[in-house]
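> Before I ask anything, let me first share the structure, which is written out below as structure tokens.
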Amino acid sequence: MIEQYDLGASVAGPYNMLAAMQLAKARTNALRAAQQQDTPVYNALKTHGGPTRAAAASMDGFDFTSHLVGGGLREDAISGLAPDLHAALSGMYAAAPDDIRQQLYITSAYRSPEVQERLWNDALKKYGSAEAARKWVAPPGRSHHNSGGAVDFKYGNDAARAWAHENAANHGLHFPMEWEPWHIELAGSRG
Ligand SMILES: [Zn+2]
């Protein structure tokens, strides 16, 4: 049994292939465990420090495919995320109860500056001035989405929204803007 602390460690180089393989296996197990919460593996992980930490370590294996909608479907939406955010988000998804996870969609994640420019121009038209548009859309290059540091959820129901807000902090995440209850970033992302 690999201790839960080790599950989150990164392997620095090819000099330790065995450790890398063990780590990959542990991550796969952790993900499987988080998805099937009554397995012996899950219970073992729980004993070793709780499902949340173990689930967070499973990031490499988390498949967001069935949770992507809208702008989340862009090819670079997930791959363009900052690794830390990707890891935290993966942990959050892996830890979510099945019925919640199914209602938690990603409608935007990484956005290239080109995509941001399109959104910005649309917002300028819609809100009439840069000042008004700025509340809802950042100018090109200025959005946390452009650096892979933000994700927008689409909630399938109120329970999914409530769960996300109650559990974000457990996964090192937060919703920095009260008026955008769907926009999540790493905790401390704004100083
Ligand atoms: Zn956002």
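Quick note: the coordinates plus some simple rules give every number you see, no bench work behind them. Being a predicted model, the structure only gives us computed values, none of them experimental. With ideal geometry, Cβ positions are generated from the backbone for all residues, glycine too; neighbour counts draw on all protein chains shown.
> I need the calculated FRET efficiency for the pair Thr65 and Asp98, taking r as the beta carbon distance and R₀ as 22 Å, to the nearest 0.05.
Values: r = 16 Å, r/R0 = 0.73.
It comes to 0.85.
> Whole-Hz ³J(HN,Hα) for each residue in the stretch 129-134, computed from phi via Karplus 6.51 cos²θ - 1.76 cosθ + 1.60 with θ = phi - 60°, x for glycine and proline: what do you get?
Running phi through 6.51 cos²θ - 1.76 cosθ + 1.60 with θ = phi - 60° gives 8, 4, 4, 6, 5, 4 Hz.
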